[in-house]
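Participant: Pasting in a structure now, in structure tokens, and then I'll have a few things to ask.
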Amino acid sequence: MPVITNINDLKHIYERRTPRMFYDYCESGSWTEQTFRENTSDFDKLYLRQRVAIDMAGRSTATQMIGQDVSMPVALAPVGLTGMQNADGEIKAARAAEKFGVPFTLSTMSICSIEDVAENTEKPFWMQVYTLKDDDFMQRLFDRAKAANCSAAVITVDLQLLGQRHKDLKNGLSAPPKLTVKSVANMMTKVQWGLGMLGTKRRFFGNIVGHAKGVEDASSLTTWTSE
Ligand SMILES: Cc1cc2nc3c(=O)[nH]c(=O)nc-3n(C[C@H](O)[C@H](O)[C@H](O)COP(=O)(O)O)c2cc1C
């Protein structure tokens with residue numbers, strides 16, 4: 001087991017173990033990737049002010065977010081395809097968030113479904129929804145989220161137009177993925193990842209396939225997504 005001391009160590013392990021297609025999906029942005037870079041570089045400009053000789057007793061980061069007790073005011077943001085980064089990734093992330101005491105947000109474009117995450121967690125999680133044209137799907141998604149005891153709807157309003165993500169195009173990462181000889185060859189080198197994926201039945205968009213009318217397989221998903 002490698003000695004992990006910081007987030008970069010984890011990133012190296014992540015890069016080594018995960019198929020390029022899914023690593024690039026997470027570690028790149030759209031168009032010039034300016035926002036992607038600045039999401040990190042902006043934080044480099046922030047400094048924590050050191051204070052000494054003051055009473056530090058009873059300090060705590062615990063607070064409340066929308067009426068829910070949290071260990072610190074941070075939530076896991078929705079990340080589509082987490083279950084392709086690692087088998088059952090959304091369930092694992094939700095359980096980790098629960099253990100740490102912060103909210104987990106499930107993406108509509110997740111691999112594990114609302115029901116999968118609810119069955120494998122104790123506390124309510126948050127559900128991310130898009131503003132989609134398919135009213136029937138939206139109604140059902142809200143009904144399912146309520147039935148699963150989700151405590152908040154996180155509404156994403158900036159996806160009317162997809163920014164072009166150059167690496168995804170080159171890697172064939174679309175819904176569904178276009179497998180190329182190169183991407184399959186790369187996947188075959190990720191043994192641990194592959195064994196994990198073979199060991200789970202969750203390998204497709206669990207909130208959509210079988211829930212949106214007419215979306216029963218990969219090809220109908222493409223049509224539904226573009227509409
Ligand atoms: C790989 C990746 C996948 C994401 N998937 C989704 C998604 O499925 N739904 C969504 O609403 N936001 C998605 N986001 C956006 C994030 O939830 C978050 O809003 C964004 O990264 C900004 O984070 P910040 O508010 O911490 O700066 C994704 C972001 C990344 C990097």
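The values are calculated or read from the model by the stated rules, or taken from the named source; none is laboratory data. Values in this document were obtained by computation on a predicted structure and should not be read as measured data. Virtual Cβ from ideal backbone geometry, glycine too; neighbours counted across all protein chains shown. The area values use the complete protein model at the heavy-atom level, side chains included, leaving out ligands, DNA and RNA. Shrake-Rupley method; radii C 1.70, N 1.55, O 1.52, S 1.80 Å.
Participant: Set Lys and Arg Cβ to +1 and Asp and Glu Cβ to -1, take the dipole of the chain about its Cα centre, and tell me which of 194, 46, 1 lies farthest positive.
Facilitator: Most positive-ward Cα: 1.
Participant: Quick one: grab the alpha carbon gyration tensor of the range 1-130, order the square roots of its eigenvalues as a ≥ b ≥ c, and give me rounded if a/c is under 1.5, else prolate or oblate depending on whether a/b is larger than b/c.
Facilitator: oblate
Participant: Can you give me the Cα centroid spacing of the range 135-151 and the range 36-70 in angstrom?
Facilitator: 34
Participant: While we're looking at this one, here's another question. So which trypsin sites (Lys or Arg not before Pro) in the range 22-126 are both in a DSSP loop and have at most 16 other Cβ atoms within 10 Å of their Cβ?
Facilitator: Numbers: sites: 37, 45, 49, 51, 59, 92, 95, 99; in loops: 45, 49, 51, 59.
Here the sparse-neighbourhood loop sites are 45, 49, 51, 59.
Participant: Got a number for carbon plus sulfur as a percent of the range 103-227's accessible area, 1.4 Å probe?
Facilitator: Values: 4370 of 7320 Å².
That share works out to 60 percent.
Participant: Further question on the same structure: Give me the percent of DSSP beta bridges within the chain that run antiparallel, rounded to the nearest 5. It would help to have the intermediate numbers written out before the result.
Facilitator: Working: 3 of 11 bridges.
In the chain, approximately 25 percent of DSSP beta bridges are antiparallel ones.
Participant: Considering only Cα-Cα distances, which of the following residue pairs are longer than 32 Å: 146/182; 123/201; 99/170? Write down the numbers at each step before the final one.
Facilitator: Working: 146/182 42 Å; 123/201 24 Å; 99/170 37 Å.
In this structure, 146/182; 99/170 lie more than 32 Å apart at Cα.
Participant: Okay, next question. For the ranges 104-110, 114-120, what's the packing order if you count other beta-carbon atoms within 10 Å of each residue, average per peptide, and put the highest first?
Facilitator: Values: 104-110: 24.1, 114-120: 18.7.
Sorting 104-110, 114-120 by mean packing, highest first, produces 104-110, 114-120.
Participant: Still on this structure, I have one more. Mind listing which trypsin sites (Lys or Arg not before Pro) in the range 182-227 are in a DSSP loop and have 16 or fewer other Cβ atoms within 10 Å? All intermediate terms of the calculation are to be shown ahead of the outcome.
Facilitator: Numbers: sites: 182, 190, 201, 202, 203, 213; in loops: 190, 201, 202, 203, 213.
Answer by residue number: 201, 203, 213.
Participant: At 222 nm, what value in deg cm²/dmol follows for the chain if DSSP H runs of at least 4 each add -39500 (n - 2.57) and the sum is divided by all its residues, to the nearest 500?
Facilitator: Working: 11 runs with 95 residues, N = 227.
Estimated from H runs of four or more residues: -11500 deg cm²/dmol.
Participant: Taking the Cα centre of the chain as origin, sum charge times position over the Cβ atoms of Lys and Arg (+1) and Asp and Glu (-1), and report the length of that vector in debye to the nearest 20. Show your work: numbers first, answer last.
Facilitator: Working: 27 positive and 26 negative charges, 137 e Å.
Roughly 660 debye for the chain.
Participant: Relative to the Cα centre, what is the charge dipole magnitude of the range 1-82, using +1 at the beta carbon of each Lys and Arg, -1 at the beta carbon of each Asp and Glu, and rounding to the nearest 20 debye?
Facilitator: Details: 9 positive and 10 negative charges, 38 e Å.
It comes to approximately 180 debye.
Participant: Okay, moving on. Starting from 0.36 nm per residue, how many nanometres of slack lie between residue 220 and residue 77 once their C-alpha separation is accounted for?
Facilitator: Numbers: separation 143, 0.36 × 143 = 51.48 nm, distance 2.78 nm.
This chain segment gains 48.7 nm when fully extended.
Participant: For the chain, with every protein chain kept in place, what is the accessible area per residue (1.4 Å probe, Å²)? Mind dumping the intermediate values first?
Facilitator: Values: 14850 Å² over 227 residues.
Using a 1.4 Å probe on heavy atoms only, each residue of the chain averages 65 Å².
Participant: What are the aspartates and glutamates whose alpha-carbon lies under 20 Å from the alpha-carbon of residue 190, with same-chain residues fewer than 8 places away excluded?
Facilitator: 9, 15, 24, 27, 88, 90, 168
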